[in-house]
Amino acid sequence: MSFLLKYKSLEEEREIPNDNYTINDLLKELELSAQTMVSKQNGELVIEDTVIEDGDEIQLVQIIYGG
């Protein structure tokens, strides 16, 4: 079971390590903060507790703060 990860210029197929692998687990693995990222699953905005399924396309978008 695998999914497609898109983050910045990265686009790679990754294995799903367990049945309840969430976007939050992925963010921790990549050492990214959920507070600075927006997550999309198959083009739809999702929360970090969303479980990643076989064949999903996960896109991570960095939020840019300014002032």
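Among the residues of segment 22-37, just one is in a strand (DSSP E or B) and either exposed (fewer than 13 other Cβ atoms within 10 Å of the Cβ) or among the aliphatic types (A, V, I, L, M) (or both), namely 37.
Condition check ((1) of a type in the set (S, T, N, Q); (2) free of Cβ contacts under 8 Å to residues at least 24 places away in the same chain; (3) touching a helix residue (DSSP H, G or I) at 6+ places or on another chain (Cβ under 9 Å)) across all residues:
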| residue | (1), (2), (3) |
| --- | --- |
| 7 | no, no, no |
| 10 | no, yes, no |
| 13 | no, yes, no |
| 18 | yes, yes, yes |
| 26 | no, no, no |
| 36 | yes, no, no |
| 39 | yes, yes, yes |
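Within segment 41-57, can you find the residues that are touching a helix residue (DSSP H, G or I) at 6+ places or on another chain (Cβ under 9 Å) and of a type outside the set (D, E, K, R)? Selection gives 41, 46, 47, 50, 51, 52. On the stretch given as segment 13-67, residues that are of a type in the set (Gly, Ala, Ser) and at pLDDT below 95 total 4.
Each row is one residue, and each column tells you yes or no for (1) surrounded by 14 or more Cβ atoms within 10 Å (Cβ to Cβ); (2) of a type in the set (Lys, Arg); (3) not in a strand (DSSP E or B).
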site	(1), (2), (3)
5	yes, no, no
20	no, no, yes
39	yes, no, no
48	yes, no, yes
60	yes, no, no
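The values are calculated or read from the model by the stated rules, or taken from the named source; none is laboratory data. Predicted model only: the values in this text are computed from it and were never measured. Positions of Cβ are generated from backbone atoms using ideal geometry, with glycine treated the same way; all protein chains shown enter the neighbour counts.
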